[in-house]
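Notes for the one structure printed next.
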Amino acid sequence: MSGIEVWLFRLVFVALVGWFASQMLTRYRLVMAGANNLSLDDVPGRVQRLVTEVVFQSKVIKAKPIVGTAHLFVFWGFCAFGLYTFVGFLQGLGVVDLSRRAWFHAYQAALVPFCLAVLAGIVFLMIRRGIARPAALGATVSRESIMIGFFIVTLMVTFLLEFFVFGHQASPTVAARVNWWVHMVLILLFLGLIPNSKHLHLLVSPLTLFLKSPQLQSVPNLDFEKEEVGFEALKDLPAKARLDAFTCVECGRCQENCPAFATGKLLNPKALILQNEAALLGGKHDTKLVDLYDENVLWQCTTCGACENQCPVGIEHTPVIIGARRGLVSNGEAAEYLTKVYNTLERHQNIWGPGNDSRQKFITSAGIDIFDPAKHEYLVWLGCAGALEADFQRSLRALFDILRAKGVTFGVLARERCTGDVAKRSGNEFLFQELATQNVDDFKAKQVKKIVTSCPHCLKTIGHDYRHFGFEAEVLHSATLVARLTGGAHMAADETVTYHDPCYLGRYAGEHEAPRQLLARFGATVVEPERNRDNPFCCGAGGGLLFEEHEPGKRISEHRYEQLAATGASKVVVGCPFCSIMLKGAAASANANTEFVDLMSYVDGKLKQAGARPDAGA
Amino acid sequence: MKIAVCLKQVIKRDSTLRVDDARTWVRDADAEFEMNEPDAYALEEALRLKEQHGGEVIVVSAGPARVQTVLREGLARGADRALHVESDALAQADAFAIAGALAAAIGPEQVDLVLTGLQSDDQGFAQVGVVLAEKLGIAHATIIMEVKVEGGALRVKRELEGGWFQWVGLPLPALLTIQSGINTLRYATLKGIMAAKKKEIRRVDAPAGVAPRQKIVSLYFPEKTKQTRMITGSPADAARELVRVLREDARVF
Ligand code: SF4
Ligand code: SF4
């Protein structure tokens with residue numbers, strides 16, 4: 001390289017890298033201005049996730065195998081080209097020229113297959129963006145992506161020319177120099193364009209993914225001593241939420257999987273994250289979050305967790321949504337449908353209203369002992385529904401019968417309060433902590449070590465949220481326990497059913513096999529609905545929306561019911577009291593006579609029918 | 001408008017109750033307490049009036065130290081300050097004594113309006129409000145379902161029997177006893193609870209002992225009685241007798 005070329009390159013390099021660095025610095029400062037909420041528990045788990053989700057792109061591939069594989073090619077290609085680019089910079093800046101070394105030639109040869117993989121991948125992705133234009137990606141993203149796509153194609157072509165044509169020439173020709181310059185300038189230009197585009201994910205998503213909580217919907221307790229009240233204005237967003245805003249790759253997976261968006265509500269989790277990004281860059285630090293989004297948006301989230309779980313780059317939506325709800329609830333601005341629930345919870349410590357005597361009546365009539373650690377292995381947690389709702393009481397009776405038949409010892413607490421699920425998810429942190437501390441005190445006083453519950457919401461609240469109150473126990477959903485207890489059972493299949501995975505069981509607890517095992521063991525052939533296992537479509541009840549009677553757009557429950565009905569099965573098996581209420585309601589509005597059975601009632605019914613137990617038919 | 005709201009602390013509604021040793025009240029040493037529900041509506045109404053017309057809301061309670069919990073709750077929901085007439089003797093005093101204690105606290109405040117719940121969830125005498133109005137020498141109206149402030153006076157809607165209502169006007173200052181369901185209660189907010197910690201609860205001396213006007217003689221659970229009477233005789237006689245018994249003894253029609 002001539003001296004003039006070197007100086008010219010130094011100039012271009014400093015200008016473009018400087019442009020890149022200043023944009024990055026702006027973002028770095030914005031992230032660091034947020035409260036530090038970066039936690040690093042479970043480092044081995046995080047590293048493992050980083051390997052599977054970044055190196056092997058498991059999430060991207062699982063959701064969309066073909067697109068995901070194309071993306072994997074491009075990603076690996078980028079990594080493989082790292083050293084090549086570095087050597088180019090050293091050469092261009094006049095530091096040292098390694099390009100004629102033998103090892104470099106071997107490295108270049110090794111890059112050829114990567115280069116072809118990148119080309120194949122990027123051409124496929126460009127065709128998809130440019131021609132198929134998936135709705136979830138949005139219009140603007142496509143244009144920008146096409147431009148970046150051309151950049152990448154040019155980079156690959158210039159590499160191939162260098163390796164196959166110009167690299168063999170004894171002295172560099174003008175064409176060879178032009179080729180080199182095109183390659184290097186494009187890389188620098190690309191670098192400069194990265195911070196202000198969705199391609200920033202190239203640089204930050206490994207960090208974002210690493211910092212994502214190992215637990216879905218990780219919303220730490222508010223510290224009242226520090227006068228924390230939730231997120232009111234943009235400036236209250238903590239560091240992770242800010243990093244999330246800059247990481248979003250605008251792929252639209254969250255949007256595609258959101259039950260609220262699918263049924264025509266205003267809420268769109270992708271838009272929410274991008275609104276955060278724009279507002280942060282726009283310096284709207286004092287703008288209230290409700291004004292930034294739309295007031296209604298925040299109350300339309302069922303906290304199903306689909307967005308967060310599907311996001312390939314580690315973005316956490318629910319802490320932002322719940323955090324913003326807290327900011328409103330703390331000021332007395334909760335959605336109207338919540339006021340009544342809060343009053344009921346304050347006065348009666350359950351979500352429905354009847355007094356403890358109703359629960360007492362149920363326990364007495366079911367003949368259940370009060371839990372005694374010396375006598376009982378398990379504490380059965382009834383929950384508001386199990387204690388007070390007639391249909392779910394039947395499911396609890398079924399569980400009691402199964403446990404008794406299997407010789408499992410169990411008892412219940414003399415008094416339960418709501419776990420605080422609705423309060424927690426809807427942002428009433430004060431009420432949640434009131435209920436939680438009292439329940440935790442009871443657990444501790446009774447030396448509770450193992451809890452079984454039929455309510456997936458209680459499962460998440462006691463099993464995960466109560467850990468913040470220093471309570472750790474083995475908390476199981478009844479499906480898990482009963483599947484363990486009935487390992488030997490086998491009945492010939494005599495009916496076809498479909499199974500609805502509750503979000504708080506299939507997605508949050510990752511328990512989607514036990515219910516299917518039980519159904520298979522007890523004579524059912526399961527036909528799967530669209531959206532199942534760890535990515536079910538919500539029933540619409542979560543996050544306090546069980547109490548919302550004026551849902552805008554189509555009802556979420558109706559949408560889910562249609563998916564279940566489309567399986568052709570006339571029986572739907574459910575494992576959550578709230579899913580059951582919602583879906584039954586939807587079936588009734590559709591004038592359908594679909595039969596709904598709770599999982600425990602199903603198993604118990606089959607056990608009794610088969611006379612497999614001494615008290616069969618009782 | 002300066003409004004005083006009287007709050008009573010009562011035993012939690014779904015508690016398991018036990019009669020005390022003297023058999024004149026329930027054992028409340030280990031009981032859980034809550035704000036009397038009709039009083040919660042009175043407080044909500046006061047807060048709404050303040051939001052509309054400005055002024056101040058003062059919550060007042062008479063009883064032992066434990067009643068401060070309901071005063072705190074009142075402050076958390078938005079009252080500006082609290083008065084506590086503290087005396088252990090007031091825990092079981094009759095309506096006349098309670099009204100006297102409340103009057104001692106409210107009188108010097110020179111308020112425009114006093115609100116109480118229509119009655120208490122425990123004894124349900126519905127007396128404190130009206131006696132208090134007499135002691136303060138102000139007008140009162142009971143069983144209120146709507147309150148309007150018009151030109152320095154009140155127009156209030158009273159609930160009558162059989163789905164009937166009545167609008168009455170009364171001058172200020174006045175006392176109203178508020179019917180449950182008059183409004184929708186607000187929930188306790190975090191901001192309110194934090195603010196309440198900094199608000200004042202002022203202790204007021206209880207007036208010198210008043211001789212009780214009323215005494216609970218005995219307290220017991222309703223006895224479940226089941227009596228079976230066999231009616232014999234020919235079918236016709238038995239039927240005639242059954243009709244007579246149903247009409248005259250059981251009085252079902
Ligand atoms: S949690 Fe569920 S409802 Fe809420 S934004 Fe995410 S996908 Fe939508
Ligand atoms: S938040 Fe995640 S899933 Fe949603 S568009 Fe952004 S990157 Fe995709």
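The values are calculated or read from the model by the stated rules, or taken from the named source; none is laboratory data. As the structure is a prediction and not an experimental result, all values here were calculated from the model. Here the Cβ is made from the backbone with ideal geometry for all residues, glycine too, and neighbour counts use every protein chain on show. For accessibility, only protein heavy atoms count, side chains too; no ligands or nucleic acids. Shrake-Rupley method; radii C 1.70, N 1.55, O 1.52, S 1.80 Å.
For chain B, modelled as a GNM whose springs connect Cα atoms under 10 angstrom apart, the maximal fluctuation among B:PHE96, B:PHE33, B:PHE165 occurs at B:PHE165. Given a cut-off of 24 Å, name the pairs among A:LYS340/A:LYS424; A:LYS198/A:LYS284; B:LYS148/B:LYS191; A:LYS240/A:LYS449; B:LYS2/B:LYS135 whose C-alpha atoms lie farther apart than that in the structure shown. From the list (A:LYS340/A:LYS424; A:LYS198/A:LYS284; B:LYS148/B:LYS191; A:LYS240/A:LYS449; B:LYS2/B:LYS135), the Cα-Cα distance tops 24 Å for B:LYS148/B:LYS191; A:LYS240/A:LYS449.
Counting only protein chain heavy atoms and rolling a 1.4 Å probe, the accessible areas of A:LYS375, A:LYS554 rank, largest first, as A:LYS375, A:LYS554. Reducing the range A:481-501 and the range A:32-106 to their Cα centroids gives an inter-centroid distance of 45 Å. Kindly list the residues of the range A:1-18 that lie in the label zone of A:VAL174, defined by a backbone N under 13 Å from the point 7 Å along the Cα-to-C-beta vector. Inside the label zone: nothing. Of all the options B:GLY137, B:GLY151, B:GLY124, the one that moves most in a Gaussian network model of chain B with Cα springs shorter than 10 angstrom is B:GLY151. Axis of helix A:429-445 versus longest Cα principal axis of chain A: the two differ by about 60°, to the nearest ten degrees.
Does the range A:266-322 come out rounded, prolate or oblate by the C-alpha gyration tensor, with a ≥ b ≥ c the root eigenvalues, rounded set by a/c under 1.5 and, if not, prolate when a/b is larger than b/c and oblate if not? Verdict is oblate for the range A:266-322.
For the range B:111-199, the set of trypsin sites (Lys or Arg not before Pro) satisfying both a DSSP loop assignment and a count of at most 13 other C-beta atoms within 10 Å is given as B:LYS197, B:LYS198.
Give me the net charge for the shell around A:ASP391: Cβ to Cβ below 10 angstrom, other residues only, Lys and Arg +1, Asp and Glu -1. With Lys, Arg at +1 and Asp, Glu at -1, the neighbours total 0. Within a straight-line Cα-Cα reach of under 18 Å, B:LYS198 can be paired with the following lysines, leaving aside sequence neighbours fewer than 8 residues apart in one chain: A:LYS226. Across chain A, the relative contact order, built from alpha-carbon pairs under 8 Å that are at least six residues apart, equals 11 percent.
Of interest is the spacing of the C-alpha centroids, which for the range A:210-266 and the range B:72-120 amounts to 45 Å.
Using the Cα gyration tensor of the range A:3-211, with a ≥ b ≥ c the square roots of its eigenvalues, what is the shape: rounded (a/c below 1.5), prolate (a/b larger than b/c) or oblate (neither)?
Verdict is prolate for the range A:3-211.
In chain A, the longest principal axis of the Cα atoms and the axis of helix A:102-127 are about 60 degrees apart. Centre-to-centre separation between the Cα atoms of the range A:443-457 and those of the range A:504-566: 24 Å.
In summary, the helical segments of chain B meeting the span-like criteria, namely a full DSSP H run, a Cα extent along the axis of 15 angstrom or more and a mean Kyte-Doolittle hydropathy of at least 1.0, are B:95-106. In summary, the aspartates and glutamates within cross-link reach of A:LYS608, defined as a Cα separation below 17 angstrom excluding same-chain residues under 8 places away, comprise A:ASP401, A:ASP494, A:GLU495, A:ASP598.
Applying a threshold of 25 Å to the alpha-carbon distances of B:LYS12/B:LYS215; A:LYS406/A:LYS571; B:LYS8/B:LYS215 flags A:LYS406/A:LYS571 as lying beyond it. Just check the range A:288-374 against the gyration tensor rule for me: Cα atoms, a ≥ b ≥ c as the square roots of the eigenvalues, rounded for a/c under 1.5, and otherwise prolate or oblate depending on whether a/b exceeds b/c. The shape class here is oblate.
How much net charge surrounds A:TYR499 when only other residues with a Cβ under 15 Å from its Cβ are counted (Lys, Arg +1; Asp, Glu -1)?
Local charge sum for A:TYR499: -1.
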